[in-house]
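Enquirer: The structure that follows is given in the form of C-alpha cells.
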Ligand SMILES: [Zn+2]
C-alpha cells in the first residue's frame, strides 16, 4: 500500500482532496470503508480523544489494519485533535499513520514550542508518521450548536502560518479560514452554509508549501469546498454530518422495528445513512460530481 505521504502528494498534484471521516464504532467505520470501496478511493479515518476513549487506541489501530488488509484499500488512521504529548505518543506507538497535535488553544509561542516538541517525539517513535499542527480557534465539538462558539479566531495569516510551519516542521497545517467545528441548526436544515476564505487558503499554500487540512467541513457550501481544494486543501474533515446521519438512521430503524433487540439488525440502517453522506462527500472532494 502507498504510504499516506504519497497519497497526499498525488492528491495535491491532481488538485483533489482526501476525505477524512471520524468513527466511534463499527457503524461509522463500516460505512466509510464501504463508500471508499465503492468509489475505489483512498480515505482517512480519525478518532478524536473522546472517540479513542470509547474505541480504544490499540483497538482502533487493529480495526483499521484489518479493514485495510481485507479491502486492499489505502485506509489511513489519524489521531484527531490530540491535546497531550502522552496521548499523541500512545497513538504513534499503536501504529497510527497521522497524529494531530492540537495546541491551538495555547498562546501562539507556546503552541509553536509544544508542537515542535511533539513532532520530534513522534518522529522518533515512527519516522514515517505524519504530524499535523493547528493554528486558531474554530470551535471544539462536532455537534449541533445553538450558536457560533465564542472566541473564534481571525483567519490565519500567511506570516503566522509560515512562522509556525518553519519552526515546528509539521507535515500538515490546519488553519482557520472560515471553517468551524460543528453545525448550526440552520446548516443542518440546509438554509445556511459555511463560507471559506479561498483567497487566504491560496496565500497560505503559497507561503508554506505544506499540506493543509480543512477541519470542520460539515455544512460547507459545495462550491467553496471545490474552490478550497483547488486553492490548496488536501485533506477535508467531515464529522458532524456523519453523526447526524448515524442518529437519524438508528432512530428510523428503531421506529420501524419497535420490538427488535438484535443490534446487528438495527445498526445497518445507521451504516446506510452514514454511507450516503460519505459517498457524496468523497465524490465532491474528488470532483466526481
Ligand atoms: Zn477538527
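Enquirer: Tell me, yes or no, whether the range 140-149 has at least one residue that is part of a helix (DSSP H, G or I) and more than 16 Å from the ligand (Cβ to nearest atom).
Expert: Within the range 140-149, not a single residue is part of a helix (DSSP H, G or I) and more than 16 Å from the ligand (Cβ to nearest atom).
Enquirer: Can I ask one more? Looking at the range 157-186 only, could you name the residues that are assigned to a helix (DSSP H, G or I) and either out of contact with any helix residue (DSSP H, G or I) (no Cβ under 9 Å at 6 or more places or on another chain) or surrounded by fewer than 21 Cβ atoms within 10 Å (Cβ to Cβ) (or both)?
Expert: 158, 159, 160, 162, 163, 166, 167, 185, 186
Enquirer: Let me ask something additional. Residues in the range 137-153: is at least one closer than 17 Å to residue 211 by Cα and buried (at least 16 other Cβ atoms within 10 Å of the Cβ)?
Expert: no
Enquirer: Could I ask something else about it? Out of all the residues in the range 89-111, which are within 16 Å of the ligand (Cβ to nearest atom) and under 12 Å from residue 58 (Cα atoms)?
Expert: Answer for the range 89-111, where residues must be within 16 Å of the ligand (Cβ to nearest atom) and under 12 Å from residue 58 (Cα atoms): 91, 96.
Enquirer: May I ask you to list the residues in the range 84-99 that are touching a strand residue (DSSP E or B) at 6+ places or on another chain (Cβ under 8 Å) and closer than 13 Å to residue 115 by Cα?
Expert: Passing the criteria: 85, 88, 99.
Enquirer: So which residues in the range 190-224 are more than 16 Å from the ligand (Cβ to nearest atom) and in a loop (DSSP other than H, G, I, E, B), if there are any at all?
Expert: Result: 190, 191, 192, 193, 195, 197, 209, 210, 221.
Enquirer: Considering only residues that are touching a helix residue (DSSP H, G or I) at 6+ places or on another chain (Cβ under 7 Å) and either crowded, with 24+ Cβ neighbours inside 10 Å or closer than 15 Å to residue 175 by Cα (or both), which ones fall in the range 109-124?
Expert: 112, 115, 118, 122
Enquirer: Residue 5 - would you say it is surrounded by fewer than 18 Cβ atoms within 10 Å (Cβ to Cβ) and at pLDDT 95 or above?
Expert: Considered against the rule, which asks whether it is surrounded by fewer than 18 Cβ atoms within 10 Å (Cβ to Cβ) and at pLDDT 95 or above, residue 5 comes out as yes.
Enquirer: Filter the range 225-266 for residues that are within 16 Å of the ligand (Cβ to nearest atom) and either in a loop (DSSP other than H, G, I, E, B) or farther than 25 Å from residue 80 by Cα (or both); which is nearest to the chain's Cα centre (by Cα)?
Expert: Looking at residues that are within 16 Å of the ligand (Cβ to nearest atom) and either in a loop (DSSP other than H, G, I, E, B) or farther than 25 Å from residue 80 by Cα (or both), I get 239.
Enquirer: What pairs come out if I take residues in the range 130-149 that are on the phi > 0 side of the Ramachandran plot and pair them with residues that are part of a strand (DSSP E or B) and more than 10 Å from the ligand (Cβ to nearest atom) whose C-beta lies under 9 Å away, six or more apart or interchain?
Expert: 139/145
The values are calculated or read from the model by the stated rules, or taken from the named source; none is laboratory data. Please read these numbers as outputs of a predicted model, since none were measured by experiment. Because the Cβ atoms are built from the backbone with ideal geometry, glycine has one as well, and the counts that use them run over all protein chains shown.
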